[in-house]
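Peer 1: The structure that follows is given in the form of structure tokens.
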Amino acid sequence: MDKVTQKAIVLDVNHMMSDIIGFQYGMDASEVDTMADAAKAAQAAVQKKRGTGWLGWMDLPYNQDEIVANIETVAADVRRDFDAFVVLGIGGSALGPIAVQQALNHMRWNELPAVKRNAPKFYVEDNIDPERMAALLDVIDVKRTCFNIITKSGATAETMSQYLIISDLLQKAVGEGWQKHIIATTDTQKGNLIKLAKEEGFRLFYIPDSVGGRFSELTPVGLLPAAVCGIDIRAMLAGAAAMDARCKSGDVWKNPALLEAVLQYVVMQEHGANVQVVMPYADSLKFMADWFCQLWAESLGKNVTRKGMAVNVGQTPTKSLGVTDQHSQLQLYTEGPFDKVITFLKVGEFRGDMPIAHGCEAFSDVAFLGGKTLGQLLDAELRGTEYALYAAGRMSQTIVLPQVNAYTIGQLIYFFEMATAYAGELLDVDAFNQPGVENSKLASYAVLGNQSEKYQKKAAEMKGRPDPLKQYIL
């Protein structure tokens, strides 16, 4: 890595604070200071549990040397042997790979000539819309495609239904040796996929027992797809390690992820800002917002504390893209309810820029753009949006990536994961389970007629609902 790639990301919270945006709107620094002891306890609790329970993700920057070497070897084989690489997964098995690919590779990756890509075309099938699967099969040749099946349990209906479709197609199109087209990423011991993989001889990568899906981007879940597409996964892990070092402090004003957790906790609990809008001003970071939304929502949206006390907590994350959504959502953010905090993702230096040509000299409101660049215009738009929010007394913060590269993306991923863990401690909720999602899965599989006892019980429960009334159907 060169010096540019080793620059630290920056958290700028000036526009969260009352001495900047006004005492009637912002947060006073004393509110953060009041949380100092709770913050220190949260940091200590997370640090004490690192590597245990569901906090295995904290050790990922340090304990994967052999795994990374194996990933790099397999990735080189895939680049040599296949024209397309398809991830079959959902949620944490898909959003991370999508976000990292968008951030770190060419934005028209699949349209590039093969000689420029020097890697397969890349697809992530993270939904089960039948038209979408049909569309994928229209643009790939299964005989020249490698499929990465990602599910820790091996019982994820969406992913395993895709596996059934693809394995059948491969057997028909390829015949003997079809198994070489599949790489499985799953649990080390439990579940259906590990059994299938060993029976069929699929190449295998493992998701550590102590890492949940939404925290799995720095495991083979995300590292293998990234490596196949030529991304420097060692730099990603180094960036994560650098952020981990910054999170060793229990001082809320020195640990960026801890400060972030405290700020969001205070605005949730004391200021009524129960919505966080993540707004990248860079198309490369567009899907980092999607990835964050799952991480924050699924981790913190809970109805009981860890002691079983009834609560209904959690801040709703949503995504917005600058400049696009200045023209579709900013009106709400500046003049609507005071229930939001805006998190800008800003790029310090773009990897390339586009000069704006001179012209239209007769129109002064166009001609002034000539001689500037699209990067300058984008930065001006961000500053304008920040100012509009400031003028309206709305809280915002900015996370600055000096450049978008593997090192800074590794930092950003780990920053958000640490902030989520700290926020769970402050809210006293289990940030690593998802019972609301599980209930949905039970109901879905019951509808499809799964005969296992737990699904039959759920089917019986669902029959107890009141029948729909015709007057409520238009």
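None of the figures in this text is laboratory data; all of them are computed from the coordinates on show. Treat the numbers as computed from the prediction; the structure is a model and nothing was measured. We place every Cβ from the backbone using ideal geometry, glycine too, and count neighbours over all the protein chains shown.
Peer 1: Take every Cα-Cα distance within the stretch 199-315, group them into 5 Å bins from 0 onward, and report for each bin the whole-number percent of pairs it holds.
Peer 2: With 5 Å bins starting at 0, P(r) equals 2, 8, 12, 17, 22, 17, 11, 6, 4, 1, 0, 0.
Peer 1: Now for a different question. By average Cβ neighbour count within 10 Å, what is the ranking of 422-430, 116-124, 410-418, 245-253 from highest down?
Peer 2: My ranking of the peptides, most packed first, is 410-418, 422-430, 116-124, 245-253.
Peer 1: Let me ask something else about it. Can you give me the convex hull volume of the Cα atoms of the stretch 159-212, divided per residue and expressed in Å³?
Peer 2: 71 Å³
Peer 1: While we're looking at this one, here's another question. What share of all Cα pairs of the stretch 71-115, in percent, falls into each consecutive 10 Å distance bin?
Peer 2: Spelled out per bin, shortest first, that is 21, 51, 28, 0.
Peer 1: So if I take the centroid of the Cα atoms in the stretch 396-474 and the same for the stretch 256-298, what is the distance between those two points in Å?
Peer 2: So the two Cα centres are separated by 16 Å.
Peer 1: Would you mind checking the pairs Lys302/Lys454; Lys40/Lys302; Lys195/Lys441; Lys40/Lys190; Lys172/Lys458 and listing those with alpha carbons more than 31 angstrom apart?
Peer 2: Lys40/Lys190; Lys172/Lys458
Peer 1: Which listed residue (Pro256, Leu164, Leu345) has the Cα farthest towards the positive end of the charge dipole for the chain, taking +1 on Lys and Arg C-beta and -1 on Asp and Glu C-beta about the Cα centre?
Peer 2: Leu164
Peer 1: Which whole-Hz ³J(HN,Hα) couplings does the stretch 434-450 yield from phi under the Karplus relation 6.51 cos²θ - 1.76 cosθ + 1.60, θ = phi - 60°, glycine and proline marked x?
Peer 2: Working through the residues one at a time gives 7, x, x, 5, 4, 5, 4, 4, 4, 5, 5, 6, 5, 4, 7, x, 4 Hz.
Peer 1: If one computes P(r) from the Cα atoms of the chain, what percent of pairs lie at distances over 40 Å?
Peer 2: Looking at the chain, the distances longer than 40 Å represent 25 percent of pairs.
Peer 1: At 0.36 nm per residue, and after removing the present C-alpha to C-alpha distance, how many nm does the segment from Met309 to Gln471 gain when stretched out fully?
Peer 2: This chain segment gains 54.5 nm when fully extended.
Peer 1: Give the residue from Gly177, Asn274, Asn14 lying farthest towards the positive end of the charge dipole for the chain; charges sit on Cβ (+1 for Lys and Arg, -1 for Asp and Glu) and the dipole is referred to the Cα centre.
Peer 2: Towards the positive end, the residue furthest out is Gly177.
Peer 1: With charges only on Cβ, +1 for K and R and -1 for D and E, what is the dipole size of the chain about its Cα centre, in debye, rounded to 20?
Peer 2: Dipole size: approximately 1000 debye.
Peer 1: Under 5 Å between amide H atoms, partner at least 5 residues away or on a different chain: which partners does Phe344 have, H built in plane at 1.01 Å?
Peer 2: Met279, Gln397, Thr398, Ile399
Peer 1: Now for a separate question. Just to be sure I understand: if I project the alpha-carbon convex hull of the stretch 272-324 onto a plane and average over all orientations, what area do I get in nm²?
Peer 2: Mean projected area for the stretch 272-324: 4.1 nm², to one decimal.
Peer 1: Moving on to the next point. Let me see the P(r) profile for the stretch 104-217: every Cα-Cα distance counted, bins of 10 Å, each bin given as a percent of all pairs.
Peer 2: 12, 41, 36, 11, 0
Peer 1: Further question on the same structure: Short version: what are the Cα gyration tensor semi-axes of the stretch 320-383, square root of 5 times each eigenvalue, largest first, in whole Å?
Peer 2: Sorted largest first and rounded, they come to 28, 17, 7 Å.
Peer 1: Here's another thing I want to ask about it. Residue by residue through the stretch 215-221, what is 3J(HN,Hα) from phi via Karplus (6.51 cos²θ - 1.76 cosθ + 1.60, θ = phi - 60°)? Round to whole Hz and write x for glycine and proline.
Peer 2: For the stretch 215-221, the Karplus curve yields 9, 9, 4, 8, 9, x, 3 Hz.
Peer 1: Would you mind computing the Rg to Rh ratio of the stretch 1-122 from its alpha-carbon coordinates, Kirkwood style for Rh?
Peer 2: Result: Rg/Rh = 1.11.
Peer 1: Moving on to the next point. Compute the relative contact order of the chain as a whole-number percentage, counting only Cα pairs closer than 8 Å that sit 6 or more residues apart in sequence.
Peer 2: The value is 22 percent.
Peer 1: Related question: What whole number of Å gives the distance from the Cα centroid of the stretch 9-48 to the Cα centroid of the stretch 52-127?
Peer 2: Cα centroid to Cα centroid, the span is 35 Å.
Peer 1: 222 nm [θ] for the chain, helices only, -39500 (n - 2.57) per DSSP H run of 4+, per residue, to 500?
Peer 2: -14000 deg cm²/dmol
Peer 1: Can you give me the Kirkwood hydrodynamic radius for the stretch 368-474, using every pair of distinct Cα atoms, in Å to one decimal?
Peer 2: 20.1 Å
Peer 1: Could you state, as a whole-number percent, how many of the C-alpha pairs of the stretch 276-372 are farther apart than 15 Å?
Peer 2: 72 percent
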